[in-house]
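To start, the structure itself, in structure tokens.
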There are 2 protein chains.
Amino acid sequence: MTALPHEENDESSVLAANTAFYEALESLTLAQMDSLWLHEEWVKCLHPGWDLLVGWEEIRRSWKQIFQSTVRMLVAVTRASAYVSGDTAWVSCLANITYAGRENFSTALVEATNIFVRRQGQWLMVHHHTTALPHQGPTGESTTVQ
Amino acid sequence: MTALPHEENDESSVLAANTAFYEALESLTLAQMDSLWLHEEWVKCLHPGWDLLVGWEEIRRSWKQIFQSTVRMLVAVTRASAYVSGDTAWVSCLANITYAGRENFSTALVEATNIFVRRQGQWLMVHHHTTALPHQGPTGESTTVQ
């Protein structure tokens, strides 16, 4: 899976943290998202179509805004690969996101790089970088929110 | 600068590796790009507008293709932040790229996450994730190549 020195268990626990992140996204629950990130001023987040957000406060506000404008979000994650080195890890994955807002509906295929650091045994997200890929599906709507 | 355990020198050396990467891009020289990447089958690269490339062979082919179709490339990198943890590091930065091909000319503002691992004292790129941001400049051309 990876050429970096690591424990197999570490890889599984990082992938579990990655899964928990997308579950938090589907849950539309800010408290769930809160528990997954490192709350420091240097963490970074690039939602598709947004500018880079820096610092947990700004990132938390963005999730609040996204969750408030979303009625339902479904996420199917594929080809997730985890790379672990000590207490730092990253996951590369593809997220197929279906979004329903109050007045619109859309799907997006999103390439993601998620970086985590381990604190007190828990993997916390410190960097979430997404790119919406050119649309290949049948949906005509182009709005993407995550 | 960062809350991760690190040596200040490490941070500088990672930023230098990041600078060398963009210099290689400007140089349009494959040998220069060769020397900056880890040549393994799991490294990943997402050029703007492309699908994810996996493995050094595929990534090398993409650079060859980009360099062959490019007459000139100028890159201005801003707000580069490096985070180091042991022999793994990542850089978040914004690259303002001016591209001249044989028949077209374009500019792109590209958000990048570049991940490096240290091998025999050298930081080597293992993950290059880019997102072209919505165009904010005066250029009307929308083609992006890096």
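Readers should treat all values here as calculations from the given coordinates under stated rules, not as data from a laboratory. None of these values were measured; they are calculated from a predicted model. Every residue, glycine among them, receives a Cβ derived from its backbone with ideal geometry; neighbour counts consider all protein chains shown.
So for segment A:1-94, averaging the separation of alpha carbon pairs under 8 Å that are six or more residues apart and normalising by length, what relative contact order in percent results? Intermediate values should be presented prior to the final figure.
Working: 108 pairs, mean separation 33.8, N = 94.
36 percent.
Looking at segment B:47-106, which GluC sites (Glu not before Pro) are in a loop (DSSP not H, G, I, E or B) and have at most 10 other Cβ atoms within 10 Å? Mind dumping the intermediate values first?
Details: sites: B:57, B:58, B:103; in loops: B:103.
Here the sparse-neighbourhood loop sites are B:103.
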Return P(r) of segment A:8-132 (all Cα-Cα pairs; 10 Å bins starting at 0; whole %; ordered from short to long distances).
-> 13, 47, 33, 6, 0
Using only Cα atoms, tell me the angle between helix A:56-69 and the longest principal axis of chain A; keep it within 0 to 90° and round to the nearest 10.
-> 40 degrees
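Which loop trypsin sites (Lys or Arg not before Pro) in segment B:64-135, with loop taken from DSSP, have no more than 13 other Cβ atoms within 10 angstrom of their Cβ?
Working: sites: B:64, B:72, B:79, B:102, B:118, B:119; in loops: B:102.
Counting only loop positions with at most 13 other Cβ atoms within 10 Å, the trypsin sites (Lys or Arg not before Pro) in segment B:64-135 are B:102.
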If the cut-off is a Cα-Cα distance under 23 Å, which lysines reach residue A:64, setting aside same-chain residues fewer than 8 apart in sequence?
-> A:44
Summing +1 for each Lys or Arg and -1 for each Asp or Glu, what net charge is found among the other residues whose Cβ lies under 14 Å from the Cβ of residue B:93?
-> -2
Residue A:55 label points, 7 Å along Cα→Cβ, one per copy: pairwise distances from this copy to the rest in nm, shortest first?
-> 4.5
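Suppose R0 equals 25 Å; then what is the FRET efficiency for residue B:100 and residue A:54 from their Cβ-Cβ distance, rounded to the nearest 0.05? Display every interim value, and only then the final one.
Numbers: r = 32 Å, r/R0 = 1.28.
Computed FRET efficiency for residue B:100 and residue A:54 comes out at 0.20.
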Can you sort B:27, A:13 so the residue with the fewest Cβ neighbours within 10 Å comes first?
-> B:27, A:13
Distances in nm from residue B:81 to the matching label points in the other copies, shortest first (labels 7 Å along Cα to Cβ) = 2.7
Using a Gaussian network model of chain A whose springs link C-alpha atoms within less than 10 Å, name the residue from A:107, A:78, A:130 with the highest mean-square fluctuation.
-> A:78
Inter-copy separations for residue A:68, label at 7 Å along Cα-Cβ, nm, ascending | 5.2
Using helices alone, what [θ] at 222 nm do you get for chain A, with -39,500 (n - 2.57) per DSSP H run of 4 or more residues, divided over all residues and rounded to the nearest 500?
-> -8500 deg cm²/dmol
